[in-house]
Amino acid sequence: MRNQLWVLVFVAAALAPAYADAAFLLEEPYGKMGTFEPMGHAAVYLTHVCASSPTRLRPCKPGEPGVVISRYHRVGGDDWIAIPLLGYLYAVDTLQKIPASADADSVAELRDAYRRAHFLALIPNDADGHEPPGDWTQLVGSAYDRKLYGFQIETSPEQDTAFIRWMNRRKNKAHFNLFVANCADFSRNVLNFYAPHAVHRNYFADAGMTTPKQVAKSLASYAKHHPTLEMSCFQIPQVPGSIPRSRHVDDVAEGLLKSKKYVIPLAVVTPPVAGGVALLYLTEGRFSLKQNTGVFDIARAVHPQPARAEASTVALPKPATLTPVVALKAQDR
């Protein structure tokens, strides 16, 4: 049954809903590292949670579209960073500044300008006063490098308030580890705060790691059995331009099977192991991303909206009604 899993998800009738509450962002891999580590990146977009600083959360004020939070490697010594939605996706502060297309030079300029305006204390200039090297570039302008998929669930004001308190009280000190404390592990913990036990590792298909694709698969499977979670999905396209397009997201077993560099020597030297990897993928790791999923309406997301009701009051109505119109099948494309 696992390789024939049907997972119901919901999208808006025309466009994917702008207000996500809590959305898991599954981001495609890109560049040279995307070839060797095809798992991509993971983050969480919170609609009603904002930030008073990159490392401290607060409730959103009227008109604020929320933040994206994620675990990053070698960024200011912090375990997680919170970035406003427009900055995270496009390295700008207003819709009008989002370019219709981009190249490497223009994106570098946008990122450095955004860093200097908002993250100079966290990511200071180098000794010569120029932008520093490092992984900080993944903090801003993600949509220039890759396509993103969103898997969103509804949250309550009480949950958001509790989450803000929980995150602000935790020690925010970097402890990134690819195998046990990566970006997908962080997203798994955030989503499990809102929906306990919804997301788990796959000890077989992913060799015990938490991968971004496994987080999406777990959340979709959980939503199938908990329809009150009201899950929906969307995609955020990569910005057009001369920057190379991002690659398909894989889990560990899938990545090994697709890589001739690894799977051919493995099949020659140890055929039973190669066969086992294939079996694990077929039975545990198959999950297809719907390519025609509705496109996220960024203009509507940042349009001024009423503030979320306080935890002690009734939540305000949603600005869009979701309609069940599509199903994702957990198998190969």
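The values are calculated or read from the model by the stated rules, or taken from the named source; none is laboratory data. All values reported here derive from a predicted model rather than from experimental measurement. We place every Cβ from the backbone using ideal geometry, glycine too, and count neighbours over all the protein chains shown.
Observations
- Residue check for Asp206: exposed (fewer than 14 other Cβ atoms within 10 Å of the Cβ), acidic (Asp, Glu) and at pLDDT below 95: no
- Among the criteria (1) modelled with pLDDT of 95 or more; (2) crowded, with 18+ Cβ neighbours inside 10 Å, the one Trp166 does not fulfil is (2).
- For region 201-218, residues that are more than 16 Å from the chain's Cα centre (by Cα) and either in a helix (DSSP H, G or I) or of a type outside the set (D, E, K, R) (or both) total 7.
- Qualifying residues in region 1-36 (those that are at pLDDT below 60 and out of contact with any Ser or Thr (no Cβ under 9 Å at 6 or more places or on another chain)) - the one surrounded by the most Cβ atoms within 10 Å (Cβ to Cβ): Leu15
- Tally of residues being surrounded by 13 or more Cβ atoms within 10 Å (Cβ to Cβ) and over 21 Å from the mean Cα position of the chain (by Cα) across region 111-123: 6
- Test result for Gly255, out of contact with any strand residue (DSSP E or B) (no Cβ under 9 Å at 6 or more places or on another chain), modelled with pLDDT under 80 and exposed (fewer than 15 other Cβ atoms within 10 Å of the Cβ): no
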